[in-house]
Every structure is written in C-alpha cells, then in structure tokens.
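> Shown below is the structure under consideration.
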Amino acid sequence: MTKQIEIFKDRYDLYTCGMGPAPEGVVEHFEIPFGIRAWVNDRFAMITRSYKRAYWNLPAVRLVSEILPVGKFDAVFANDIEAVPVALSLGAKKGVHADLHEYFPELKTNNWQWRIFVAPYMMWLCKTYVPQTTSRTAASSGFARRYQEDLGIDFGTVTNAAPFADLQPTPVGDVIRIICTTAGARARRIELIVEAMRDAPPHIELDLIVMPNEPDYVASLKKLGADIPQLKFREPVAYTELVNTVAEYDVALSFIPPTNASKALALPNKFFEAIQARVGVIIGPGPEMTPLIERYGVGESTDDYSVESLRKTLHGLDKQRVEAWKQAAHRAAPALSSEEQVKIWFDAVHDILG
C-alpha cells in the first residue's frame, strides 16, 4: 500500500483501510486490528461451494463493511482479490481499480487441498467481482494475460519494481559473491540451489538469506549445505535494508522452479531489487524475467530448472562478464524502478476520476 499512498497523497484526499496505524499523508485511516481473521475457515461453506457466505462472513470483511462509509468516495483502489468485493460494495461515485498481484486461481495449485477446495473459490471471486471493476492491473504480463483469457476483460501490468536507489556498481573482486534471498518454503525447491554449489570452484561464493516460513525445511537446508565451504546462510534483514544488502554482492540469484502457475508466470520483486542494487542477475528460464534479462543485458537465464543447469551457469561465471552485468544494471535502474511503474496506477485512477 505504501507505493499507492506516495503517488496519490499529494494529488487527492486519500483515505486508507488496513492493518496498523494511519500512514503519513492520509485524511483518515480505518484501522483493521492485527490478528483479525481475513482468511476463510468455514469448511462447510467451502465444501458446499457457498462462497458468498464464506466471504461475507469473514471477520475482517464484516468489520471493514461496518467501518467504511458507503457512497463517500469518488474512487476506490482495491489491493488484491480479497479487497475487491468490499471495494465494490462501497458505492464509489466514479469507479474501482483492482490491483491483483498474482494469478489467484492457481496461486498454490501444487497443494492438492488448495487445488480442490480453494482454487474454485478464488475463481468465483475473480469471475463474480473483477468484471465489475472499472480498471485492473496485475504484477506480470503473464498474470494479466491469464486474467484476460479467463474473464474476457482488459488488464494492465504494474510490476513489483523497487524504488530507485542512488547507488553505483561496486568492483568485482577475485571471488564472485552471489546472494539469494528467498522464502523458506518447500515449493521453492531451494535444495536445488544448495546442490548446485557442491564442488563449486574457488572463485565463487553463495550466501543464502532464507526466511523461516517453514522452519523444519530451513533447518534441513542448513544441514544439507553444512559441508559446502562456499555456501553460507545469512540471517534475514529488514525489507528497508534489502537493496543495500544485495549491493554488497556481485550477482543475485532468483531460481524458482515453476511448481504452480503463479510461480511459472512470476516477475518477482527480487529481480527488481537486484537491478537497484546494481548487481547481475541469474534466473531460471521464466517467460517473464528472461525477456528483461535479454533486453537489458543484466544477467543470464539457465537452460532449465535442473541442478545440472544451475551448476553449469554458476560454476562458469567469470569476472569480466559479471562486471558487464553490473554496469548494465546501473543503466537499467531508472527504467526498471517503481517510480516508472506506479505511473500506470496513477493514470488508471486519473481516468476513473475524469
């Protein structure tokens, strides 16, 4: 929500609704208490596909429906699919913009329970409410294309770009330093990265920052990599420190096998943080990131998502190529910053308001 607040607060009277205290620059904030349930736990409703009941009986939805005034706002900006029905219920005078970051109907289809019970609910939310919005965006062109195919309506794209950072590329030393920051979830298949560093040549080192989403899985990764001297685990850092942390390195690795449609079409924020940090980027052959890698010359994509392919790419790194990537990232940083991307949101809301 921070990016939206920054672009709208100086032009419009801005009202916000979300967890935590009021952000700076808003006229009024409608606070949602931390801990209030915002996810469906009505199993009977989900099994019987009573989705309207499942959604509108959510504690968070009931609260927001009570505290937000109807008919007060000229335009409403809905952040993610769960906010869209409530946004539409507010009776905005001009219209509603929906920003759907992911492709929600296939967000976690690698999990069979999610695929059977939750995916139909997500599709219901999308088909029932999203066509009623005035304009829409998603976080990658792949996500936007899928929504257009499923819903028959136009979608724009606003990537998860990071704010512009006024940094300079640092020289590459005799040892090429690689950083990978990732969620510690089994669906990420991080063990492939660990194995790719086994028997690595002495001129490359890899640090992993793994968030403790699944602590037992993260513990197993540390055990797996304990005998790999050029692989280290680093403690997580605050989001505000992330770009500067990545800037300490030469290359950022974003290797996320397509275990579901959401990951297959992802254009993750890690890619854009690496560009702002002025480092090279190594990725898997994803259809959203690969064209940017090729267009801007900021890195390399592996042939496939196997250990062998990643090992070949990592072990084959050389100083001159990485230096060229870092300089290319520096040139691309302004164009790939969030300041450029959020103009699309601003234009969408401006068009709604006329």
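> Give me the log10 of I(q) over I(0) for segment 246-303 at q = 0.26, 0.27 Å⁻¹, as the Debye formula computes it from C-alpha points; what are the numbers?
Those come out to -1.06, -1.12, one per q.
> How big is D for the chain, in µm² s⁻¹ as a whole number, if Stokes-Einstein is applied with the Kirkwood radius of its Cα pairs at 10 °C and 1.306 mPa s? Walk me through the numbers before you get to the answer.
Details: Rh = 21.9 Å.
The Stokes-Einstein estimate is 73 µm²/s.
> Another question about this same structure. How much accessible area per residue does the chain have, counting only protein heavy atoms and a probe of 1.4 Å, in square angstrom?
Working: 16560 Å² over 354 residues.
On a per-residue basis, the chain sits at 47 Å².
> What does the charge add up to near P120, with Lys and Arg as +1, Asp and Glu as -1, over the other residues with Cβ less than 11 Å from its Cβ?
Charge balance near P120 sits at +3.
> As I understand it, the value is the acute angle between the Cα axis of helix 215-224 and the longest principal axis of the Cα atoms of the chain; what does it come to in degrees, rounded to 10?
10
> For every other residue with a beta carbon closer than 14 angstrom to the beta carbon of Q168, add +1 if it is Lys or Arg and -1 if Asp or Glu, then tell me the sum. The partial results should precede the final answer.
Working: positive: R278, K326, R331; negative: D166, E248, D250, E323.
After counting each charged neighbour, the total is -1.
> Sequence gap at least 6, Cα distance under 8 Å: using those rules, report the relative contact order of segment 7-131 to the nearest whole percent. Mind showing how you got there, number by number?
Values: 162 pairs, mean separation 20.1, N = 125.
It comes to 16 percent, rounded to a whole number.
> If Lys and Arg each add +1 and Asp and Glu each add -1, what is the summed charge of the other residues whose beta carbon sits under 11 Å from the beta carbon of A54? Each step should come with its number before you reach the end.
Values: positive: R43, R49, K52, R53; negative: D42.
Computed value for this residue: +3.
> Over the chain, calculate the relative contact order: mean separation of alpha carbon pairs under 8 Å at least 6 apart, over the residue count, as a percent.
Numbers: 643 pairs, mean separation 55.2, N = 354.
Reported relative contact order: 16 percent.
> Ignoring any ligand, DNA or RNA, what whole percent of the accessible area of segment 266-309 comes from carbon and sulfur when the probe is 1.4 angstrom? Kindly include the intermediate steps, with their values, before the conclusion.
Working: 700 of 1440 Å².
In segment 266-309, the share of accessible area belonging to carbon and sulfur is 48 percent.
> How much solvent-accessible surface does T181 expose, in Å² to the nearest 10, with a 1.4 Å probe and all protein chains in place?
20
> If each DSSP helix of 4+ residues adds -39,500 (n - 2.57) and the sum is divided by the residues in the chain, what number results at 222 nm, nearest 500 deg cm²/dmol? Provide the component values of the computation, followed by the final result.
Values: 17 runs with 134 residues, N = 354.
Computed mean residue ellipticity for the chain: -10000 deg cm²/dmol.
> Over segment 1-42, what is the relative contact order in percent, taking alpha-carbon pairs closer than 8 angstrom and at least six residues apart? Could you put the intermediate results ahead of the total?
Details: 46 pairs, mean separation 12.2, N = 42.
Worked out over segment 1-42, it gives 29 percent.
> Of the heavy-atom accessible surface of segment 100-198 (probe 1.4 angstrom), what whole percent is carbon and sulfur?
Numbers: 2100 of 4200 Å².
Taking all protein chains in place, segment 100-198 shows 50 percent carbon and sulfur surface.
The values are calculated or read from the model by the stated rules, or taken from the named source; none is laboratory data. Values in this document were obtained by computation on a predicted structure and should not be read as measured data. FYI the Cβ positions are ideal-geometry reconstructions off the backbone, even for glycines, and counts take in every protein chain you see. Side chains are part of the model used for accessible areas, which takes the heavy atoms of the whole protein and leaves out ligands, DNA and RNA. Shrake-Rupley method; radii C 1.70, N 1.55, O 1.52, S 1.80 Å.
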